[in-house]
Structures are given as C-alpha cells and as structure tokens.
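Colleague: Structure provided below as structure tokens; questions to follow.
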Amino acid sequence: MKKIFPAILLALMVLSGFVAKESLRTIPNESFSAGELLKYKVHYGPITAAEAVIDIAPNLHRVNDRPTYKATVYGKTSSSFDLFIRIRDTWQSYIDTAAILPQRSFRNIEEGSYRKRETVDFNHYTNTAQVESKKKNKDKKQSSHKIPSGAQDIVSGFYYLRTLDYDRYKPGDKFTVKGFF
C-alpha cells in the first residue's frame with residue numbers, strides 16, 4: 001500500500017493538470033444568438049458617409065473542435081465618399097459559444113490603395129495566436145505571438161461586452177478587456 005499510494009497521488013496530480021488545461025471559462029449569454037443582423041449608417045451632416053452591417057450566421061460552425069458563432073462585420077463608404085477614400089473592409093470572428101472567445105479571426109482591409117488580408121488562429125489553452133498576413137504585392141508572413149489569458153479580437157470583444165451585466169456597475173466604474181490586434 002505504501003508504494004501504491006504515491007503512484008496514485010502522482011497520477012491524480014498529472015491528470016488534474018491535463019483537465020485544468022482543457023477547460024475554458026464559461027460566460028452566460030442571453031445578449032445575442034445565431035441569425036442576428038445589425039445595420040448602421042454613418043452620417044456626415046445630412047450625407048450618409050458609410051454603412052456597416054454586423055451579422056451572425058444562422059448556423060453554428062466548429063473551429064478548434066469548439067462550437068462557434070460566425071460573426072461578420074462589413075464596412076464600406078458610400079459612393080459619394082468613395083471619391084475621397086474608398087473603403088471596403090470585412091472583419092470576421094469565429095466566437096466560442098460558451099467562452100465568448102475568438103477561435104479564429106479574419107480581416108480583409110481595402111482602404112484606398114492599401115490592402116491587407118490577415119488570419120489569426122487562437123489557442124486559448126497555450127495563450128498563443130498564429131498570424132498569417134499578406135499585404136498588397138508582398139509575400140505572406142507567418143508569426144506566432146503570446147497572448148494574455150482571455151484575449152479578444154475586435155469583433156469578439158464587441159460581443160463579449162454585450163454579455164456583461166451593466167446593472168452591477170455604476171457611473172465611473174472601469175473594467176478591462178484584454179485584446180489581441
């Protein structure tokens with residue numbers, strides 16, 4: 001029995017370490033769901049300067065073996081403002097349905113002559129992000145970055161903020177949202 005007890009204790013410690021690494025936070029969410037559509041117009045005086053659409057796909061997707069919402073943000077300037085600077089941006093995030101954390105995000109930026117495409121794959125178990133980016137007429141670049149625990153991208157951060165219980169806060173209270181951009 002003296003030899004078995006340390007072996008069992010060691011096995012329990014090792015297994016509990018693996019279990020802890022495999023769990024993410026759980027955020028209660030009654031603020032949004034699949035199929036949501038939001039539309040915004042940006043005005044410059046009486047003129048509509050730009051439009052944005054934020055939608056969540058009607059079906060869930062699986063990324064990193066987790067169920068996710070596919071949230072997409074489209075932004076573009078109106079035809080009258082295209083004369084000054086033409087903007088056609090798309091931002092997308094696959095947001096974990098339980099943890100409200102990004103599992104993958106995309107950016108396709110078209111602003112004037114500037115072009116950039118970027119994909120970020122998040123690993124919230126190791127707190128790392130793998131980034132693949134390509135700018136106009138340049139080779140793809142890949143890099144790995146350390147990220148803070150619970151890091152949000154811009155789109156998932158917007159949805160995370162919607163899950164907070166603002167009744168718990170009073171004017172002047174501050175809170176921090178960790179991000180990776």
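The values are calculated or read from the model by the stated rules, or taken from the named source; none is laboratory data. These figures come from a predicted structure and were not determined experimentally. Glycine gets a Cβ as well: all are built from the backbone with ideal geometry, and neighbour counts include every protein chain shown. Each accessible area value is taken on the protein alone, full model and side chains, heavy atoms only, with ligands, DNA and RNA left out. Shrake-Rupley method; radii C 1.70, N 1.55, O 1.52, S 1.80 Å.
Colleague: Would you check if ALA129 is out of contact with any strand residue (DSSP E or B) (no Cβ under 7 Å at 6 or more places or on another chain) and open to solvent by less than 60 Å² (accessible area, probe 1.4 Å)?
Modeller: no
Colleague: Now for a separate question. Return the total of residues in segment 28-62 being under 24 Å from LEU164 (Cβ atoms) and either among the hydrophobic types (A, V, I, L, M, F, W, C) or part of a strand (DSSP E or B) (or both).
Modeller: Within segment 28-62, residues that are under 24 Å from LEU164 (Cβ atoms) and either among the hydrophobic types (A, V, I, L, M, F, W, C) or part of a strand (DSSP E or B) (or both) number 13.
Colleague: Test VAL155 against the criterion of being more than 21 Å from ALA52 (Cα to Cα), at pLDDT 95 or above and open to solvent by less than 30 Å² (accessible area, probe 1.4 Å), and give yes or no. First the steps, then the outcome.
Modeller: On the way: more than 21 Å from ALA52 (Cα to Cα): no; at pLDDT 95 or above: yes; open to solvent by less than 30 Å² (accessible area, probe 1.4 Å): yes.
Taking the combined requirement at face value, the residue does not satisfy it.
Colleague: Output the residue which, of all residues in segment 1-24 that are assigned to a loop (DSSP other than H, G, I, E, B) and open to solvent by 80 Å² or more (accessible area, probe 1.4 Å), is modelled with the highest pLDDT.
Modeller: Among residues in segment 1-24 that are assigned to a loop (DSSP other than H, G, I, E, B) and open to solvent by 80 Å² or more (accessible area, probe 1.4 Å), the one modelled with the highest pLDDT is GLU22.
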